[in-house]
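For reference, the structure discussed in these notes is given below.
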Amino acid sequence: MEPSQGNGISYNNNLDESLIMCMLDNHCKSTTTIPMSRLERLIRERKLRRSTRSSQSNEETRDNNGDVDTFGNINDLYLSNGERGYREGDFIEGNASAKHLNDGCEKQDGRVPKQRLIVVANRLPVSAIRRSEDSWALEISVGGLVSALLGVSEFEARWIGWAGVNVPDQAGQRSLTKALAEKRCIPVFLDEEIVHQYYNGYCNNILWPLFHYLGLPQEDRLATTRSFQSQFAAYKKANQMFAHVVNEHYREGDVVWCHDYHLMFLPRCLKDYNNKMKVGWFLHTPFPSSEIHRTLPSRSELLRSVLAADLVGFHTYDYARHFVSACTRILGLEGTPDGVEDQGKLTRVAAFPIGIDSDRFIRALELPQVKNHIEVLKERFAGRKVMLGVDRLDMIKGIPQKILAFEKFLEENPIWRDKVVLVQIAVPTRTDVPECMYPHPLCSTVVKL
């Protein structure tokens, strides 16, 4: 996931919730969806922060008076065993239990139930490891999307996605579905060929490089054309499989939030199922300029599929502007300050910089194991300045360049030797896609770090 860039403003997850609330209102009565100035963005953020604090204060008051929250939020996915102990009864024991919970959702005191949110992403927030025919171990996945959505607490969330494993047998699918239901997760089962063509192929070999301005693979033209065709066919088939699972679990009034370039075809599939479904799509990478997007063979079909959503979100205003520009220049549609209009239908386009649940990190500082580790680090780096880098280990992050720049700094400023240290955390990513890994001699050095 790409961080917000360029404006120097610190954003929090109130904007995540504003994106969802915007989908709830078909007319979205705010004056301007895309902020036109830094001051306007600051004012909107301040209002959202105050509104959220007020609602959270009211919730805490009610909870302290003895009310029990029937509906957990998305944070329940990530509670540790100790934190989760007293809330195990709140977890869903399968789809039947979920339906039973919501059939009686209105409490005796008249409290309105939380809005249901269906999060749809390529991967679930947990990874599944098979222990036996009917036993699975679940581990929390590492990723920016998981961290970002920890702060979304105003909605009753369900997460639909691929579990990261091939499960060809029915018994395994049933047992994994049951295990994931306890985490409010619903799996989409993709076979190895679909994963190879859709995920390793079209997503990470074509879309990901293009969206990062790396261009399309330059191979033999005939072979490349055939590869594009087969991979795009698998891409559409995978998106249709996601749509089928969403449709099975959708209830009237739900908000469906689709994520990232893996699911650009999904909004169209969902609207074909139910045109009244509230659908949002958010991109976690840059969106390239129209000149770059124009080089994609399936450019028009993907743009029209995304425009089927009610709301399209990006990290920054520049990415939103590039998307609107691509729709006007490639599709010939009309761009407005609010989004893109096509034959009377307006698809709202906006910038929603995603942050993290900062309170969760602050609370972690009080854990004994964290305090002990902090003391170890203080002792290890005593008397030295510490520079910290946290990046995924792929070719766009510039990790080798960072290390070389640090080396050059020490060469030109010997007075800083042994007085400053660079600590680089590099998380391996897309190990199945060679194009996304480092073709650089410093890769081994980075991995050791």
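The values are calculated or read from the model by the stated rules, or taken from the named source; none is laboratory data. Note that the structure is a prediction, hence the values are computed from the model and not measured. So basically every Cβ, Gly included, is an ideal-geometry build from the backbone, and we count neighbours across all protein chains shown. For accessibility, only protein heavy atoms count, side chains too; no ligands or nucleic acids. Shrake-Rupley method; radii C 1.70, N 1.55, O 1.52, S 1.80 Å.
Considering only the stretch 378-403, state which residues are closer than 20 Å to Arg417 by Cα, in contact (Cβ under 8 Å) with a residue 24 or more places away in the chain and within 31 Å of the chain's Cα centre (by Cα).
Val386, Met387, Leu388, Gly389, Pro400, Ile403
Could you tell me which of the residues Leu138, Leu180, Leu117, Leu190 is in a loop (DSSP other than H, G, I, E, B) and modelled with pLDDT of 85 or more?
Leu190
Can you tell me how many residues within the stretch 339-369 are among the aliphatic types (A, V, I, L, M) and either more than 22 Å from the chain's Cα centre (by Cα) or open to solvent by 60 Å² or more (accessible area, probe 1.4 Å) (or both)?
7
Is there any pair with a first residue in the stretch 188-205 that is crowded, with 18+ Cβ neighbours inside 10 Å and a second that is of a type in the set (Asp, Glu) and part of a helix (DSSP H, G or I) whose Cβ atoms are under 7 Å apart and which are 6 or more apart or on different chains, and what are they?
Asn205/Glu435
Tell me which of these Ile362 doesn't satisfy, since it passes every other one: (1) over 25 Å from Ser227 (Cα atoms); (2) assigned by the TED database to the domain that holds Trp208.
(2)
Restricting the stretch 217-238 to residues that are within 17 Å of Pro297 (Cβ to Cβ) and open to solvent by less than 40 Å² (accessible area, probe 1.4 Å), which is modelled with the lowest pLDDT?
Filtering the stretch 217-238 for residues that are within 17 Å of Pro297 (Cβ to Cβ) and open to solvent by less than 40 Å² (accessible area, probe 1.4 Å), the one modelled with the lowest pLDDT comes out as Thr224.
Picking from Ile356, Ile396, Ile415, which residue would you name as being part of a helix (DSSP H, G or I) and β-branched (Val, Ile, Thr)?
Ile415
Of all residues in the stretch 273-300 being assigned to a helix (DSSP H, G or I) and in contact (Cβ under 8 Å) with a residue 12 or more places away in the chain, which is most open to solvent (accessible area, probe 1.4 Å)?
Filtering first and then ranking leaves Tyr273.
Going through the stretch 380-393 one residue at a time, which ones are open to solvent by less than 50 Å² (accessible area, probe 1.4 Å) and in a strand (DSSP E or B)?
Gly389, Asp391, Leu393, listed by residue number.
Kindly indicate whether Asn247 is open to solvent by 20 Å² or more (accessible area, probe 1.4 Å) and either in a helix (DSSP H, G or I) or at pLDDT 95 or above (or both).
In short, yes.
Of the residues that make up the stretch 123-138, is at least one touching a His at 6+ places or on another chain (Cβ under 9 Å), open to solvent by less than 40 Å² (accessible area, probe 1.4 Å) and within 19 Å of Asn239 (Cα to Cα)?
Within the stretch 123-138, not a single residue is touching a His at 6+ places or on another chain (Cβ under 9 Å), open to solvent by less than 40 Å² (accessible area, probe 1.4 Å) and within 19 Å of Asn239 (Cα to Cα).
Determine if the stretch 141-164 includes at least one residue that is over 19 Å from the mean Cα position of the chain (by Cα) and open to solvent by 10 Å² or more (accessible area, probe 1.4 Å).
No, because not a single residue in the stretch 141-164 is over 19 Å from the mean Cα position of the chain (by Cα) and open to solvent by 10 Å² or more (accessible area, probe 1.4 Å).
Return yes or no: is Gly280 assigned by the TED database to the domain that holds Asp342 and under 14 Å from Thr347 (Cα atoms)?
yes
Residue by residue through the stretch 315-353, note down the ones that are of a type in the set (A, V, I, L, M) and not in a strand (DSSP E or B).
Within the stretch 315-353, Ala320, Val324, Ala326, Ile330, Leu331, Leu333 meet the criteria.
Can you name the residue in the stretch 258-272 that is among the charged types (D, E, K, R) and in a helix (DSSP H, G or I) and is also most open to solvent (accessible area, probe 1.4 Å) among such residues?
Per the criteria, the residue is Asp272.
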